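Q: Here it is: the structure, laid out below.
The values are calculated or read from the model by the stated rules, or taken from the named source; none is laboratory data. These numbers come from a predicted model, not from an experiment. As a convention, Cβ positions derive from the backbone with ideal geometry for all residues, glycine included, and neighbour counts pool all protein chains shown.
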Amino acid sequence: MSEPYEPSSAKDRNELRQLASAMCDGTLTDEQHARLEAILQDSEEARLSYAIYMRMNGWLMRQFRSRTADGAAPSGDGTPPSGTQFPVLGVIGDALRGAGDFFSRPIPLSYLIASVLLGSLLTLLAVMVVPRGSNPDPLLGPSAKPTFVAHLTGTDDAQWADPNMAPAVGWQLPTGKRLDLLSGLVEITYDVGAKVILEGPAAYEIDSANGGFLRVGKLTATAATKESRGFVIRTPTVSVADLGTEFGVEVADEHRTEVEVFVGAVRLTSRVAQDRDAEAPILREGQAASFDAKSSQFILGEPATGREERFARTLPVPERPRETLLLADNFDEDAVDPAKWLVDTSNPWGKAAVVQQNGRVELANRGMLITKSQYSPRVHDAVKITGQWTFVTSGEMPNMDIMTVTIHSTGEPAGRYGQATGGLAFFCYAGLDFLDIQYLGNGFLLDFVKRTGKLRIREGESYRFEIMDGGDTVSFRVTNAGDPSQTASVTAKVSGSWNHNHVVFHNREYHGGDGYLSSLDHVNISATLRVSAADPPAANTD
Amino acid sequence: MARNGHESRRLFDEQFVRCQDHLYTYIASLVPNAQDVGELFQQTSLQLLQNWEKYDAQRPFMPWACAVALNEVRTFARQQRHRDRLLSDALLATISETQFKAAEVIDARLDALGGCVEGLPPAKRALVEKCYSGECSIKDMAASMSLPPQTLYKRLERVRRELYQCIELKQPGEQMP
């Protein structure tokens, strides 16, 4: 007779943990298997702990499992790609904090009672993954590095399944990259020259350097270069191979793939028929075909009339940004340019300084660098502020500094901590991995509409920032200068009015010790087009 | 009518795209072998696509999708149980039910997991990456490192324990045992 599981017993919790781990590794003995089943039958608390543990195991699998591990074909050989190809982890977050005893406290039943809302299951984990660098452990050797084969080259009103991990225009895309698009259009340009315009809702995976897997939805593919000859779109039932082409593919329902050729020709191959070589029809310009998996037959024909716009063949041409540079400073001279800047070092906590040297301006302990001119979206439609910030040191308390850019400010310090007065402040917190926008003083209301991405913010690293001030909408993006895949943004609607429009840069006030030091470089302020609430600035990768 | 059908399909597609990660980890909670999870995930996706018209857009998608997945898992488990020491049919259903009851609790922890992995010391993170990459077995890895496999299993267990602790510590209120 097996002993009952006692959730309050550290020994029992430890045992369950070990059994769950052995289950993950496939090393359970018969005896352990029997014991695990007994525990799980006995205790709801154990079942929940076990479920969390195993879901965690699944999450790790999904993040790290390489393509070949599931036997997926890397390119068009007719083998269905696996759904488990997620080569690298791109999520970023807080550092591991502390440790406690595993399974350390009894399960609170209130959790169970309070959590019957099944809708919360739709709280999704990261879908869009971003490649990371090499494995630093010499014992383990280099990890599989991502192979970048394409770029995201355009979007039009794109809504991603997980906006937190949405790629931005210009990002490199590796093989294995999945693009789960709820609505709108995105354009993917392969390095070989092929282009895909994906129309949401759609689930697409870049499964090779010259092809992709369309699980559901529709796309238009163009393979106009010599290098992209043979470009293949695979669906659950069909492979569509380019023969010098522009074509549309729609995975319309569970059995059917529809193909339409606009230019050139494609070769169609069933992926479900027993004898795949027996039928490989060539579809030519102006022709359409559908494949029914039930009958394993291609039905050739003309495109249905009145369906000219069934496939999106181009992205709407974006308006050219009418960008006019209003201020630029790389801080290469020996001193702050008085024609551009004002300096205030009167912070009440002391030791504030603003020093231009080493090709940058160094801000210490809330020394303020203030634009001499004022910049208002009333005048300029929208104002864009970009630059590069480096968290140099926080002395005895590393990763405690704060990058702050304040707009619509009087340019004067105020309050107990000597922050810039008035306006909107954009904060980037080292150590907290967090971006924020706050209004300072009166007259503003903020309504956050969007946060995207995650960003690890650490001392010693440089970050490019971009602030868009469209008057009624503001957005703030920060990107790791050394790793553009690490980027985050926050967008907010603003209501209110302001009377001053200086831009102020400063860091944190002095708190003892060596104090805080950050540096600022490559500051540009320009007049540009208005920013949309749904469209935070692209990753700043220049 | 056609418009309604189109709209239903659109809703289905949207939910289907959204649920992929959740569905995968759900299956993994019942069948721990990565290759099996991949197969079952594919099979479940196919079943969902083939039966999309049965989806009632007025009701939550995930319970329906997970029910389809559970059927696939149970069929698989009946065939494979002896080989893989999977849980009994009844326990698979019970574990599944537990997850529905505690959906918020579980989701909150998985939401925190990315940050916890990122916060692992480099060597531990590398171990996780390598072990979960599927590039080679733990035994092969251990051999290449001149370690007994048991040592590597133990290390992996410790890292999992750290991750579990971490996701618990990131919860604002009470923690799970």
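Q: Tell me yes or no: at least one residue of segment A:405-424 is crowded, with 20+ Cβ neighbours inside 10 Å, assigned to a loop (DSSP other than H, G, I, E, B) and charged (D, E, K, R).
A: No, segment A:405-424 contains no residue that is crowded, with 20+ Cβ neighbours inside 10 Å, assigned to a loop (DSSP other than H, G, I, E, B) and charged (D, E, K, R).
Q: Considering only residues that are acidic (D, E), modelled with pLDDT of 85 or more and closer than 30 Å to A:E412 by Cβ, which ones fall in segment A:455-495?
A: Taking segment A:455-495 as the starting set, the residues that turn out to be acidic (D, E) are A:459, A:461, A:466, A:469, A:472, A:483.
Cutting the leftovers down to modelled with pLDDT of 85 or more gives us A:459, A:461, A:466, A:469, A:483.
Of everything in segment A:455-495, those that are acidic (D, E), modelled with pLDDT of 85 or more and closer than 30 Å to A:E412 by Cβ turn out to be A:E459, A:E466, A:D469.
Q: A further question follows. Filter segment A:182-194 for residues that are surrounded by fewer than 24 Cβ atoms within 10 Å (Cβ to Cβ) and under 16 Å from A:G154 (Cα atoms); which is farthest from the chain's Cα centre (by Cα)? Break it down stepwise before answering.
A: The initial filter retains those residues of segment A:182-194 that are surrounded by fewer than 24 Cβ atoms within 10 Å (Cβ to Cβ), namely A:182-185, A:187, A:189, A:191-193.
Keeping just the survivors that are under 16 Å from A:G154 (Cα atoms) gives A:182-185, A:187, A:189, A:191, A:193.
Details: A:L182: 15, A:S183: 17, A:G184: 17, A:L185: 17, A:E187: 16, A:T189: 18, A:D191: 21, A:G193: 24 Å.
Restricting to residues being surrounded by fewer than 24 Cβ atoms within 10 Å (Cβ to Cβ) and under 16 Å from A:G154 (Cα atoms), the top hit is A:G193.
Q: Quick check: is even one residue across segment A:159-179 touching a residue at least 60 places away in the same chain (Cβ under 8 Å) and within 25 Å of A:A289 (Cα to Cα)?
A: So far as segment A:159-179 goes, no, none of its residues is touching a residue at least 60 places away in the same chain (Cβ under 8 Å) and within 25 Å of A:A289 (Cα to Cα).
Q: Scanning segment A:214-256 for residues that are of a type in the set (D, E, K, R) and not in a loop (DSSP other than H, G, I, E, B), which turns out modelled with the lowest pLDDT? First the steps, then the outcome.
A: Quick first cut of segment A:214-256, residues of a type in the set (D, E, K, R) only: A:215, A:218, A:226-227, A:229, A:234, A:242, A:246, A:250, A:253-254, A:256.
Checking which are not in a loop (DSSP other than H, G, I, E, B) leaves us with A:215, A:218, A:234, A:242, A:246, A:250, A:256.
Working: A:R215: 87, A:K218: 92, A:R234: 90, A:D242: 85, A:E246: 89, A:E250: 89, A:R256: 82.
Result: A:R256.
Q: Residue check, A:E199 against (1) in contact with a Leu (Cβ under 6 Å, 6 or more places away or on another chain); (2) within 14 Å of chain B (Cβ to nearest Cβ); (3) modelled with pLDDT under 85, all met but one. Which one?
A: (3)
Q: Okay, next question. Quick one: which residue in B:S88, B:S29 is modelled with pLDDT of 80 or more and closer than 24 Å to A:D162 by Cα?
A: On the way: B:S88 fails: closer than 24 Å to A:D162 by Cα.
Step by step, each of B:S88, B:S29 is checked, and only B:S29 is modelled with pLDDT of 80 or more and closer than 24 Å to A:D162 by Cα.
Q: OK, next. Return only the number of the condition from (1) outside any loop (DSSP other than H, G, I, E, B); (2) at pLDDT 90 or above; (3) not aromatic (F, W, Y) that A:T452 does not satisfy.
A: It fails just one condition, (2).
Q: Still on this structure, I have one more. Is there a residue in segment A:46-62 that is surrounded by fewer than 20 Cβ atoms within 10 Å (Cβ to Cβ), part of a helix (DSSP H, G or I) and touching a helix residue (DSSP H, G or I) at 6+ places or on another chain (Cβ under 8 Å)?
A: Taking every residue of segment A:46-62 in turn, none turns out to be surrounded by fewer than 20 Cβ atoms within 10 Å (Cβ to Cβ), part of a helix (DSSP H, G or I) and touching a helix residue (DSSP H, G or I) at 6+ places or on another chain (Cβ under 8 Å).
Q: Continuing with this model, one more query. Please tell me if B:L91 is closer than 23 Å to B:N33 by Cα, part of a loop (DSSP other than H, G, I, E, B) and at the interface with chain A (Cβ under 8 Å from one of its Cβ atoms). Outline the logic, then answer.
A: Working: closer than 23 Å to B:N33 by Cα: yes; part of a loop (DSSP other than H, G, I, E, B): no; at the interface with chain A (Cβ under 8 Å from one of its Cβ atoms): yes.
So B:L91 does not fit the description; no.
Q: While we're looking at this one, here's another question. Would you mention how many residues in segment B:94-128 are among the small types (G, A, S) and more than 7 Å from chain A (Cβ to nearest Cβ)? Walk me through it before giving the result.
A: We begin by selecting, within segment B:94-128, every residue among the small types (G, A, S); these are B:96, B:102-103, B:108, B:112, B:114-115, B:119, B:123, B:126.
After this cut, where a residue has to be more than 7 Å from chain A (Cβ to nearest Cβ) as well, the list is B:96, B:108, B:112.
Result for segment B:94-128: 3.
Q: With respect to the numbered conditions (1) buried (at least 21 other Cβ atoms within 10 Å of the Cβ); (2) part of a helix (DSSP H, G or I); (3) within 9 Å of chain B (Cβ to nearest Cβ), which one is the sole condition not fulfilled by A:A22?
A: Looking at each condition in turn, A:A22 falls short on (1).
Q: Then there's this: Looking for something within 23 Å of A:D381 (Cα to Cα) and among the aromatic types (F, W, Y) - is there at least one such residue anywhere in segment A:443-460?
A: yes
Q: Could you run through segment A:491-517 and say how many residues are within 25 Å of A:V361 (Cβ to Cβ) and either under 31 Å from the mean Cα position of the chain (by Cα) or assigned to a strand (DSSP E or B) (or both)?
A: Summing the residues that are within 25 Å of A:V361 (Cβ to Cβ) and either under 31 Å from the mean Cα position of the chain (by Cα) or assigned to a strand (DSSP E or B) (or both) in segment A:491-517 gives 9.
Q: Would you please list the contacts, defined by Cβ atoms under 7 Å and residues six or more apart or on different chains, that run from a residue in segment A:14-35 that is among the basic types (K, R) to a residue that is crowded, with 18+ Cβ neighbours inside 10 Å and modelled with pLDDT under 90?
A: Here the result reads A:R17/A:F102; A:R17/A:F103, each pair linking segment A:14-35 to a residue that is crowded, with 18+ Cβ neighbours inside 10 Å and modelled with pLDDT under 90.
Q: Given (1) at pLDDT 85 or above; (2) closer than 22 Å to A:G496 by Cα; (3) in contact with a strand residue (DSSP E or B) (Cβ under 6 Å, 6 or more places away or on another chain), where does A:P377 come up short, assuming only one miss?
A: (1)
Q: Quick check on segment B:98-134: of everything there that is small (G, A, S) and not in a helix (DSSP H, G or I), which residue is farthest from B:L30 (Cα to Cα)? I'd like the intermediate steps shown before the answer.
A: Residues of segment B:98-134 small (G, A, S): B:102-103, B:108, B:112, B:114-115, B:119, B:123, B:126, B:133-134.
If we keep only those that are not in a helix (DSSP H, G or I) too, we end up with B:102, B:119, B:134.
Numbers: B:A102: 16, B:G119: 27, B:G134: 19 Å.
It comes out as B:G119.
Q: Which residue pairs have Cβ atoms under 7 Å apart, sit 6 or more places apart or on different chains, and have a first residue in segment A:349-374 that is within 14 Å of A:D401 (Cβ to Cβ) and a second that is acidic (D, E) and in a strand (DSSP E or B)?
A: none
Q: Consider segment A:156-188. How many of its residues are at pLDDT 85 or above and among the hydroxyl-bearing types (S, T, Y)?
A: The total comes to 1.
Q: Do you know which residues across segment A:320-365 are part of a loop (DSSP other than H, G, I, E, B) and among the acidic types (D, E)?
A: Here is the first cut: in segment A:320-365, the ones part of a loop (DSSP other than H, G, I, E, B) are A:320-323, A:330-340, A:345-352, A:358-359, A:365.
Those that are part of a loop (DSSP other than H, G, I, E, B) and among the acidic types (D, E): A:E323, A:D332, A:E333, A:D334, A:D337.
Q: Filter segment B:136-150 down to the residues that are within 26 Å of the chain's Cα centre (by Cα) and part of a loop (DSSP other than H, G, I, E, B) and list them by number. Walk me through it before giving the result.
A: In the first step, residues of segment B:136-150 are kept if they are within 26 Å of the chain's Cα centre (by Cα); the result is B:136-142, B:149-150.
If the condition is that a residue be within 26 Å of the chain's Cα centre (by Cα) and part of a loop (DSSP other than H, G, I, E, B), then B:C136, B:S137 are the ones that fit.
Q: How many residues does segment A:372-410 hold that are farther than 19 Å from A:R464 by Cα and among the β-branched types (V, I, T)?
A: The total comes to 2.
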